[in-house]
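Readers should treat all values here as calculations from the given coordinates under stated rules, not as data from a laboratory. None of these values were measured; they are calculated from a predicted model. Heads up, the Cβs are rebuilt from the backbone with ideal geometry, glycines too, and the neighbour counts pull from every protein chain shown.
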Amino acid sequence: MLSLHQLRTFLEVVQTGSVREAADRLIVSQPAVSSALASLQRTLGVAVVERDGRGLRITPAGERLATYGRQVFALLDEAVADVRAAAGGASAVRLTAVTTAAEQLLPALLAGFEPAAVELHVANRDAVWDRLAHGEADLAIGGRPPDERFVSRAVRPNQLVVVASPHAAIDANALGTATWLVREPGSGTRATTEALFEALGITPTTVTIGSNGAILGCVRVGLGVSLLSRDALARDLADGEIVEVPTARTPLVRDWHIVALAGREPTIGARRFLDHVVDSGAFERV
């Protein structure tokens, strides 16, 4: 029978791409990792890794095993947290959030909750949905869920607007020649910004910046314009540090969603977190 030790070793090889790095992370010898892989393949009767030059290649069968492996360990983590919560322990909840939501929403959402009982993972949109799909998070905070594997549990209005420095003298007619500050590929905000370019019929110069906070700082000093959430801009707009640039296509409505796996019973921690954000008025239950 396949053992958890074999499965854990295999997942480390998948994540690191090498026996040596997997051994370092597991604090075991390289022969021990190789032995566990060989034993796993004998148990399954199929190859899950193959030699590829000096490295390893994960086979199609191995990729399927990695998907199941991630789900197995995620379910074990969920079971431990939920059983402890049922016995009166901390209501632990595993959250994953897109970077924009983590910067703009989570500090307020976590206020008054139990921060010691929160495990938070922040990443781009694709990584967030991947983590939730594999059961490695109880709830995801981001945009609309991409497919039927997921279901929204709560929603919050969100508008995206184009902003610039008040000293930049940018109007809607100049957006095609302005420098746009955009997030990295894979970001939902980046994809929405590129869709706005197409809708406006412009192909401007872009500069990639890795966080919304950094983008906002650059906008303030006149380094470019950007499409940002109004949630993050209230103080700057009120103080005149930045100005909204009206366009024919904005504001864009891109509501925030708190999302769970469809068909999965929520953990105690997930239920308590949802109750908290709804009772605080930050979100409305779906």
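Side notes on the structure shown:
- Ranked by the mean number of other Cβ atoms within 10 Å of their residues, highest first, the peptides 237-245, 270-278 come out as 270-278, 237-245.
- With Rh defined as the Kirkwood radius, the inverse of the mean 1/r over Cα pairs, the Rg/Rh of the stretch 1-47 is 0.94.
- 3J(HN,Hα) along the stretch 48-61, derived from phi through the Karplus expression 6.51 cos²θ - 1.76 cosθ + 1.60 where θ = phi - 60°, amounts to 10, 9, 9, 5, 9, x, 8, x, 10, 10, 7, 6, x, 5 Hz, with x in place of Gly and Pro.
- For the stretch 105-110, putting each phi into the Karplus relation 6.51 cos²θ - 1.76 cosθ + 1.60 with θ = phi - 60° gives couplings of 10, 4, x, 6, 5, 7 Hz, in residue order, rounded to whole numbers and with x for Gly and Pro.
- Gyration tensor (alpha-carbon) shape descriptor, the stretch 50-124, a/c threshold 1.5: oblate
- As a length-normalised measure over Cα pairs under 8 Å and 6 or more apart, the relative contact order of the chain settles at 22 percent.
- For the stretch 198-286: rounded, prolate or oblate by the Cα gyration tensor [a/c cutoff 1.5]: prolate
- Shape category assigned to the stretch 159-253 from the gyration tensor of Cα positions, a/c cut at 1.5: rounded
- DSSP beta bridges confined to the stretch 122-268 are antiparallel in about 75 percent of cases.
- 3J(HN,Hα) couplings calculated from phi for the stretch 135-142 with the Karplus curve 6.51 cos²θ - 1.76 cosθ + 1.60 (θ = phi - 60°) are, in sequence order, x, 8, 9, 7, 9, 10, 10, x Hz; Gly and Pro show x.
- Net charge dipole, the chain: roughly 620 debye, given to the nearest 20, about the Cα centre with Cβ charges of +1 for Lys and Arg and -1 for Asp and Glu.
- Backbone N under 19 Å from the Ala191 label point (7 Å along Cα→Cβ), restricted to the stretch 75-111: 96-103
- Residues whose placed amide H lies under 5 Å from that of Val49, excluding near-sequence neighbours: Thr59
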